[in-house]
Structures are given as structure tokens and as C-alpha cells.
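Trainee: Shown below is the structure under consideration.
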Amino acid sequence: MKSGYLKQIHPILPVKDVTKAVDYYINKLGFRLAFTDTTSDKGYAGIKRDGIEVHLQWHHEQEWIIGLDRPMLRIYVENIEALYIEYKTQAIFHEQTSLKETSWGTKEFAFYDIYGNGLTFYRDL
């Protein structure tokens, strides 16, 4: 029997306001809207850029108070230097965000989105 083939993954990021999150990812990070199930800030939406799709899901305010764990995504990028320059112009980086080579053989930069979800963009050296 032939084994299954894993083709894609669509991580789901928790957000406080889906409308604001979609706006951030589209206008700051260059994604486009793939779909949305509602026009409410308490909905669910998908955003795409190039070959990846990320889903954004509203979580109730109580979940944030009790310490909702946030995911950290590692996204492989071709031409990471151009992406770093693009994002640097969007005023989204922390003051210590930099494009650097790591001891584990990557070139990468990382920052948190407006809801504390970690985004690391990298390429192999």
C-alpha cells in the first residue's frame, strides 16, 4: 500500500480581532485575503502569500487573560534579503530585529505580529 503524502499545512494563529489581523497581514506583510467566513471581528479568515496560507481565528478575551500560548512559525524564504528590506519599511520590527546568520546554518530574522504570534523568516546558508 502506498503511504500518504503530506502536501500542505495551514497553521492557525489566535487573534483578538480577525478584521485587524487581516488588515495587518495584508497591508504590512504583503499577504492577500484567501477567504473569510464572516465580516465580524470574531470570525475566521485565511491569508496567502506566494506558496503559504495562514489561518487567523478569533479567540475570546478570557483566553488571553489566562495566558493563551502563542505559536511560533518558521517560514522558509527565497531571497530573504529582499523580504527583510520590504518588512523593514513597514515599521513592524522590534528595535533588536536584524537579519543574521545563525550557528545552525541559516540566515533569518524574526518578530511578533500584533497579537504576539512569532514569525521567523529564514533560508539555509
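Each value in this text was obtained by applying a stated rule to the coordinates, not by laboratory testing. Computed from a prediction, not measured in an experiment: that's the story for all the values here. Neighbour counts are summed over all protein chains in view; Cβ atoms, including those assigned to glycine, are modelled from backbone coordinates with ideal geometry.
Trainee: Within 10 Å of each residue's Cβ, count the other Cβ atoms and sort GLU61, GLU101 from fewest upward.
Mentor: In order of increasing Cβ crowding within 10 Å: GLU61, GLU101.
Trainee: Based on the alpha-carbon gyration tensor of the stretch 12-124 and its eigenvalue square roots a ≥ b ≥ c, which shape applies: rounded if a/c is under 1.5, prolate if not and a/b is larger than b/c, or oblate? Intermediate results must be reported in sequence, preceding the final value.
Mentor: On the way: a/c = 2.07, a/b = 1.58, b/c = 1.31.
It comes out prolate by the Cα gyration axes.
Trainee: Identify which of GLY46, GLY105, GLY30 has the largest mean-square fluctuation in a Gaussian network model of the chain, with springs joining Cα atoms closer than 10 Å.
Mentor: Looking only at GLY46, GLY105, GLY30, the largest GNM fluctuation is found for GLY105.
Trainee: At a 10 angstrom cut-off on C-beta neighbours, averaged per residue, how do the peptides 32-44, 107-119, 88-100 rank from highest to lowest?
Mentor: Working: 32-44: 13.0, 107-119: 17.4, 88-100: 11.2.
Result, highest mean Cβ count within 10 Å first: 107-119, 32-44, 88-100.
Trainee: At 0.36 nm per residue, and after removing the present C-alpha to C-alpha distance, how many nm does the segment from LEU33 to LYS100 gain when stretched out fully?
Mentor: Stretched out fully, the LEU33 to LYS100 stretch lengthens by 21.1 nm.
Trainee: Which residues does a label at HIS60 reach in the stretch 6-24, if reach means a backbone N under 16 Å from a point 7 Å past the Cα toward the Cβ?
Mentor: Within reach of a label on HIS60: 15-17.
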